[in-house]
Amino acid sequence: MNRPRTDEVAATLVPNWTTPPTNLRLAPTDLHLWLLDTTQTAQPPDPTPLSADEQARAARVSRDSARRRFIRTRAWQRQILGAYLQLDPASVPLARGPKGKPFIDLPDTDLRFNLSHSGDLALLAAMRGRDIGVDLERQDERRDLQRIAARMFPADWAADLAASPPARRTGLFHAYWTRLEAGVKAHGGGLFASTDGTGGNEFRHFTPQAGYLGCVAVRGRCPPPGRWRFFRFDADADSL
């Protein structure tokens, strides 16, 4: 399996997050990334837009803080997708495929999306006509990275990590991890279902915020960075 080169890992994009336009449009040649900060509002999360399935999943989250993050990110996801589709957030027909990958259950849309969260942040990626996966990870030096790598990574990735200088190990681990996660999310698999989920994808790393690393995987060709748009979701805005 191909793995990130050292120069590729070092040269990550640093987005300039902007306010989305009032008339939101996603061209077939573009990739949109949304940054969602679940700490940006003190208002209690509103589960009203969520489907019965989403509300049931939220109810199964035991920790209050995690449940609030789940409700906020899913409600905001619906608000963003509704803006693209020109639908009320609660009316966006979301479903999950056989392997759990969410999709928009409309026969006449080519909109594809994927959501990832880590800590208090979440990322939503959107494209047209091509499956996409996104992963976000808060870089954490406290975990036993080598043990995780030996269990989860292909052998050559784990060997590279073991041989890397300690000062680079945390960054390299998260570059590999986000690449693996984004790849399997692009086609709807799971980390334990396959460690070869990156085939047929093109990848790009980026730094959404200090201390975090993100990766996008696109089935086929990934749009060049000049066709990426970076939006910061504003929970207190009246509308998108």
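The values are calculated or read from the model by the stated rules, or taken from the named source; none is laboratory data. Here the structure is a predicted model, which means the values were calculated and not measured. Ideal geometry is used to build each Cβ from the backbone, glycine not excepted, and the neighbour counts take in all protein chains shown.
A few comments on the model shown:
- Any chance Q79 is in a helix (DSSP H, G or I) and in contact (Cβ under 8 Å) with a residue 24 or more places away in the chain: yes
- All of (1) assigned to a helix (DSSP H, G or I); (2) crowded, with 20+ Cβ neighbours inside 10 Å; (3) modelled with pLDDT of 95 or more; (4) of a type in the set (A, V, I, L, M) hold for A90 with one exception: (2).
- Cβ-Cβ under 9 Å pairs, at least 6 apart or on other chains, segment 131-156 side without any contact (Cβ under 8 Å) to a residue 60 or more places away in the chain, far side surrounded by fewer than 11 Cβ atoms within 10 Å (Cβ to Cβ) and part of a loop (DSSP other than H, G, I, E, B): M152/F192
- Residue within segment 73-85 that is modelled with pLDDT under 95 and over 19 Å from the mean Cα position of the chain (by Cα) present: no
- Scanning segment 42-72 for residues that are of a type in the set (S, T, N, Q) and over 15 Å from A95 (Cα atoms) turns up Q43, T48, S62, S65.
- The lone exception for E141 - which of (1) within 28 Å of T39 (Cβ to Cβ); (2) acidic (D, E); (3) assigned to a helix (DSSP H, G or I); (4) more than 13 Å from the chain's Cα centre (by Cα) it fails: (3)
- Every listed requirement among (1) surrounded by fewer than 18 Cβ atoms within 10 Å (Cβ to Cβ); (2) in a helix (DSSP H, G or I) is met by R74 save one, (1).
- Out of A122, A186, A175, A150, sole residue that is crowded, with 20+ Cβ neighbours inside 10 Å, touching a helix residue (DSSP H, G or I) at 6+ places or on another chain (Cβ under 6 Å), at pLDDT 90 or above and in a helix (DSSP H, G or I): A175
- Candidate set from segment 154-168 (those that are within 20 Å of E181 (Cβ to Cβ) and either hydroxyl-bearing (S, T, Y) or in a loop (DSSP other than H, G, I, E, B) (or both)); member that is farthest from the chain's Cα centre (by Cα): S164
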